[in-house]
Amino acid sequence: MNPSLQRFIAILIFLLILLPNASSAGAPLKKYRAAFTAFAYANPPFWIAKDLKVFEKYGLDVELIYVGGARNMQALVGGSIEFSQAGGASVVAAAAQGAEVVILGTVFKRLIFGVHAAPQIKEIGDLKGKSIAAGTVGGNSYFAGQLFLAKAGLVANKDVNFRALGGTPEVLGALQHGQVQAGVLSPPSTNIAVRLGYRQLFDIASLDLPFPTISVASTRRFAQENPETILNVLRATAEAIFIYKTQPELTLPVVAKYMRVPKDDPALRESWETYGKQLDHNLRTSLEGIKFILDFLADQRLTVKSKNPADFVDSRFVSKLEEEGFFKRLATK
């Protein structure tokens, strides 16, 4: 099929999805500020909801900004943003320390990371006395790195020097410049690392843990006072995931914009094939994954005010959408 015709058909299908169900036609849009925490290929739902006007379909005028790491939770608590697409581990850790933040739904439920090492590192034990890098403190890459060390029986900043850098590009750069001997990377940077000679030392994804890697979060107060807004945020997020999974011709240019890569960059299609399978438009959060985080925090001797995983998730909004049949209708479009 002619590429131009294929793109036209994709746009037409999107409009057919978008227009008939517009719940806020004729009503003024409600203005909100929202954030995402990383420029990473696993993060397209909010980008797509913003740029393809899915938020607007559900009555939301969203200013979308980047707020990385632990600063994201601070922004939520401080009120400078109303909701966020954030790492579930950072939400749980903040809530465990008393912050009034809560997970409302989860879009990505596995840790898709690999530990890649310099050629002189032949096995995990060779990392003793060396340096390993991960992403920003509180982010998924950072948590994945800590998980790897725990599984390997290594203690951060005792057995190995554990460095928190800005993100995957910075980790790969530090590896290339010899500043660290291993790094926690996500696809498609894992493929790049292998081509550069940095073999995979450990596949964190092989642990197959149910984990709230990327979740929609807000404060309990905002969710309590604005239930319809939260429902609409989740509706827009779920629909953005559906569009991403089913219409790459329409959505990959959006991902290219935020990732600042050319529209024909092969990493776009590679990431779609990797992450598209893992994104879940049903948004249900695994309590087993929350328990895993709490157990990990307890092992790190961090204060955990409750061992009940359900206390860290407000599932009533996802439950309501399930009762309405929203997710089923979306999947049959």
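The values are calculated or read from the model by the stated rules, or taken from the named source; none is laboratory data. Note that the structure is a prediction, hence the values are computed from the model and not measured. When we count neighbours, we look across all protein chains shown, and the Cβ atoms used for this are built from the backbone with ideal geometry, even at glycine.
Filtering region 232-263 to residues that are of a type in the set (D, E) and buried (at least 21 other Cβ atoms within 10 Å of the Cβ) leaves only E239.
Report yes if some residue within region 198-213 is modelled with pLDDT under 95, in contact with a Leu (Cβ under 9 Å, 6 or more places away or on another chain) and under 17 Å from G68 (Cβ atoms); otherwise report no. Yes, there is a match, as at least one residue in region 198-213 is modelled with pLDDT under 95, in contact with a Leu (Cβ under 9 Å, 6 or more places away or on another chain) and under 17 Å from G68 (Cβ atoms).
If you check G69 against the conditions, is it at positive phi, surrounded by 17 or more Cβ atoms within 10 Å (Cβ to Cβ) and either touching an Asp or Glu at 6+ places or on another chain (Cβ under 9 Å) or not in a strand (DSSP E or B) (or both)? For G69, the condition - at positive phi, surrounded by 17 or more Cβ atoms within 10 Å (Cβ to Cβ) and either touching an Asp or Glu at 6+ places or on another chain (Cβ under 9 Å) or not in a strand (DSSP E or B) (or both) - is met.
Could you go through region 122-137 and let me know if any residue there is in a loop (DSSP other than H, G, I, E, B), in contact (Cβ under 8 Å) with a residue 60 or more places away in the chain and surrounded by 24 or more Cβ atoms within 10 Å (Cβ to Cβ). Yes: region 122-137 contains one or more residues that are in a loop (DSSP other than H, G, I, E, B), in contact (Cβ under 8 Å) with a residue 60 or more places away in the chain and surrounded by 24 or more Cβ atoms within 10 Å (Cβ to Cβ). Given the structure, is A70 out of contact with any strand residue (DSSP E or B) (no Cβ under 6 Å at 6 or more places or on another chain), among the small types (G, A, S) and at pLDDT 75 or above? For A70, the condition - out of contact with any strand residue (DSSP E or B) (no Cβ under 6 Å at 6 or more places or on another chain), among the small types (G, A, S) and at pLDDT 75 or above - is met. Restricting K277, K307, K333 to residues that are modelled with pLDDT under 95, basic (K, R) and within 17 Å of the chain's Cα centre (by Cα) narrows the list to K277. Restricting V171, V115, V107, V180 to those that are crowded, with 16+ Cβ neighbours inside 10 Å, assigned to a loop (DSSP other than H, G, I, E, B) and β-branched (V, I, T) reduces the list to V180.
Counting residues in region 207-220 that are at negative phi, in the same structural domain as G289 (by TED's automatic domain parsing) and free of Cβ contacts under 8 Å to residues at least 24 places away in the same chain gives zero.
Residues checked against (1) of a type in the set (V, I, T); (2) outside the structural domain of V261 (by TED's automatic domain parsing); (3) over 17 Å from Q247 (Cβ atoms); (4) modelled with pLDDT of 90 or more:
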| position | (1), (2), (3), (4) |
| --- | --- |
| A10 | no, no, no, no |
| L18 | no, no, no, no |
| S23 | no, no, yes, no |
| L29 | no, no, yes, yes |
| A40 | no, no, yes, no |
| N43 | no, no, yes, yes |
| A49 | no, no, no, yes |
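Taking the conditions (1) within 30 Å of A150 (Cβ to Cβ); (2) of a type in the set (A, V, I, L, M); (3) not in a helix (DSSP H, G or I) in turn, V261 satisfies each one other than (1). Taken as a whole, the structure places S189 among residues that are of a type in the set (G, A, S), over 17 Å from A86 (Cβ atoms) and modelled with pLDDT under 90.
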